[in-house]
Amino acid sequence: MIKNYFKIALRNLRKNKIFSLINILGLAIGLTCFILIAIFVYNELSHDKYPAEAKNIYRINLSVTGNGDVAVYPDVDMAVGEGIKNAFPEVRASTRVLQVKDFVTYDDRQFKEEHLAFADSNFLQIFSIPLIEGNDQSALVQPNSIVISRALARKYFDDEEPLGKSLTIGVHNAVYKITGVIDKVPDNSHFHFDAFLSLSSRHFTNGTWSNLGFYTYLLLNKNTDPDKLQVKFPQLVAKYVVPEIQHDMGVSLAEAQKSVNTFRFSLQPLTDIHLYSNTKFELEANGDIQYVYIFSALALFILLLAFINFTNLSTARAVKRAREVGIRKVMGSMRKQLIFQFLAESVLFALFSMLCAYILIFILLPYFNQLTNKNISFAFFLHYQCILLIFFVSFLAGILGGIYPAFFLSSFNTIKVLKGSSFSQGSPKKPLRSSLIVFQFFISAALIMATIIVYQQLHYMQNKKLGYDKDQVLFLPDARLLGNNQTAFKQDLLKDSRVVSVSISRAVPGGDIMDGTEVYPKNATSNGTEIHANISHVDYDYPRTLGLHLLKGRYFSKDFPTDSSGIVINEAAVRELGWTNDDAVGKTIVRSGQQELNVIGIVADFNYASVRQKVAPMMLMLGNNFGGLLIKIKAKNVKSFLSDLHKQWIAFNPPGPLEYNLLDAKFASLYASEQRTQKIFSAFTILAIIIAGLGLFGLSAFVIEQRTKEIGIRKVLGASVQQVMLMVSKEFLLLVGIAFVIAIPVTWWAMHKWLEDFAYRITISWWVFVVAGITAILIALLTVSFQAIKAAISNPVKSLRTE
């Protein structure tokens with residue numbers, strides 16, 4: 001019997017090839033989108049769950065209150081982790097990692113490695129990163145030991161055995177012996193290092209608590225409540241941090257005690273870091289739980305679109321088989337047999353869609369990986385769990401698509417059907433079909449609106465006036481390799497007519513080479529008047545090189561020897577200090593309770609970080625030889641200048657190759673996450689529109705087929721082609737219009753909530769909704785028009801002969 005069901009199903013599939021193709025393809029595209037987004041979401045949610053004791057690992061974060069806000073740092077000082085471990089028995093172990101970028105040399109080959117880290121000897125064990133060569137218990141115990149990845153081993157040693165060999169690291173030519181090899185850090189980790197160097201190689205003079213730099217993790221005992229543990233941390237702040245602040249700032253013990261309330265250590269679960277932590281100083285750019293929610297909803301909506309299409313088309317096609325049902329009943333078919341027949345056909349369609357979805361995934365996966373910056377293998381989709389999940393979703397689609405026509409058609413009265421009563425125009429299906437079309441185009445219109453708004457926000461961030469000139473500026477991060485020749489190199493560059501200005505500084509907008517400090521106005525106590533300010537150490541030419549806008553006062557000048565204690569502050573610092581631009585110049589602020597700094601100028605706020613964040617107080621201080629170089633060049637002959645720059649670099653014989661970044665490219669990299677979001681949204685919006693369009697195409701073809709005689713009669717009575725087209729199209733366009741009206745308030749609310757995460761954001765304009773509405777209506781009109789025109793120009797005599 002089951003074999004017979006499927007034979008009839010295949011016969012009906014071949015009989016209605018175009019209709020079947022539309023139905024299968026629509027569901028296949030929907031399944032493909034759902035599966036790909038679901039895998040992306042699964043990958044995001046699986047981050048940092050690979051360690052054996054991931055549930056018991058916590059990172060120590062530092063929160064500093066100031067400027068009416070709380071600054072959160074994911075790194076702490078060198079002594080914090082071990083200090084907490086020694087103080088509380090709930091902590092089983094602590095481990096630290098210190099990220100570095102440096103030059104690695106072997107056999108006269110040198111490369112700049114961006115992903116190196118100093119780590120404690122137990123780091124690899126706590127994070128369950130196994131060694132494929134070497135002993136993970138002792139690999140990082142001895143000073144000047146290094147564990148490298150398989151990829152790095154191939155890079156330097158090809159197929160040679162790396163264990164026991166040595167690599168020279170840094171300009172000081174420190175030699176590190178390879179004591180272990182790992183395959184790689186798992187892809188779903190919040191850090192990815194190519195090599196781990198023993199932290200015992202670094203010689204620290206003392207163990208301090210009040211600074212930053214070390215990413216520190218605690219392994220807690222099982223069943224330890226982290227909230228109860230971190231409540232005890234203020235006692236360690238009082239014991240260790242307060243004396244340091246009293247000493248560094250030169251303030252009284254009473255004033256230093258206030259830091260207990262502003263200086264707070266907290267514990268963040270390892271598995272929360274990727275999606276719930278997005279500080280400026282993360283080891284890598286993290287994800288965002290909001291995007292997980294957004295893409296999860298997108299996956300479900302697209303799957304719903306596909307289900308709706310499948311149900312709509314299955315229902316519409318099934319009505320044509322009313323007489324078949326009548327004849328089957330006369331021949332003795334039971335109702336349950338008819339139900340199983342229709343369900344079997346629907347499930348078969350869904351399984352064909354599943355096979356097509358696998359083909360589409362195989363084709364699209366490389367592009368999807370590139371789009372999402374993931375490394376998902378097709379083999380993942382061949383695991384039995386994944387196959388079962390996809391089969392279940394497909395089977396569910398088949399059941400949902402077939403259940404309504406199965407029960408509806410099997411309930412037909414046999415006598416009425418065989419007498420020729422028409423079910424094609426009956427109302428039982430029309431409300432359902434109309435509501436499903438409205439829902440489809442509600443989602444499509446909402447996605448079009450959301451995509452436009454996401455694009456607008458990204459365009460706004462990338463083109464916002466930043467307060468500095470990022471165009472045609474080169475940044476050389478490794479100018480420190482020039483040593484004492486930095487100034488000579490700068491002077492040599494200035495002789496080139498293509499060079500506008502040069503500045504020696506590592507303080508580059510979008511970078512993280514920046515200090516922070518607490519300052520307050522002179523003659524005011526630090527009680528409640530202090531603010532947290534970022535500090536950039538610059539030279540005399542820094543403002544000119546970046547084109548900063550001076551509002552009051554002056555910049556640093558060699559004509560004023562006292563400028564060594566002078567500062568230029570931004571407008572945000574002026575506001576937070578309670579001053580105005582007119583009275584700030586000439587005032588004095590106190591840093592660290594001891595150093596007095598005179599305000600000599602005020603610059604307009606400039607976005608030295610992402611425009612996601614509000615511009616924070618900043619101080620420019622005069623410095624020199626800080627290892628970075630900013631070069632402002634003219635727009636013409638950039639390639640020839642870069643070629644000459646390489647030659648000039650080599651002429652100074654630094655112990656490393658030239659590396660440079662374009663400042664505008666570095667700025668654009670700050671928005672890589674938003675760019676990916678916009679591209680993903682756009683891609684899946686287009687696919688959602690295609691699914692809705694396919695459904696509307698198939699449905700309009702069905703409706704027109706059912707009204708063939710009506711159209712023929714209207715044409716005989718004198719109806720024009722335009723009138724026939726309008727008659728056929730207006731019902732669909734009305735439904736699309738209703739969907740558009742419903743989508744406006746829902747989309748406005750959702751995107752307004754999304755934009756709240758940005759300190760600088762667009763205002764949602766009315767024209768976005770108009771454009772989205774016109775686009776949705778045009779898509780619907782073009783989809784329906786093909787069938788409407790075909791019906792309108794057909795020969796009415798042929799139409800009236802059709803049974």
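The values are calculated or read from the model by the stated rules, or taken from the named source; none is laboratory data. All of these numbers come straight from a predicted model, not from anything done at the bench. Note that we place each Cβ from the backbone using ideal geometry, even for glycine, and neighbour counts take in every protein chain shown. Remember, those area values only see protein heavy atoms, side chains included, never the ligands or the DNA or RNA. Shrake-Rupley method; radii C 1.70, N 1.55, O 1.52, S 1.80 Å.
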Checklist entry - Can you give the accessible area of E160 in Å² (nearest 10), computed on protein heavy atoms with a 1.4 Å probe? => result 100 Å²
Checklist entry - How much of K490 can a 1.4 Å solvent probe reach, expressed as accessible area in Å² and rounded to 10? => result 20 Å²
Checklist entry - Using a 1.4 angstrom probe and counting only protein chains, how large is the accessible area of H537 in Å², to 10? => result 50 Å²
Checklist entry - Ordering H383, H247 from largest to smallest accessible area (1.4 angstrom probe), what's the sequence? => result H247, H383
Checklist outcome for this item: By the Cα gyration tensor axes a ≥ b ≥ c (a/c under 1.5 gives rounded; else a/b larger than b/c gives prolate, otherwise oblate), the shape of segment 731-773 is prolate
Checklist entry - Within segment 169-219, which chymotrypsin sites (Phe, Trp or Tyr not before Pro) sit in a loop by DSSP and count at most 13 neighbouring Cβ atoms inside 10 Å? => result F204
Next on the checklist: Normalised radius of gyration for segment 12-166, please: alpha carbon Rg relative to 2.2 N^0.38 Å, two decimal places.
Outcome noted: 1.64
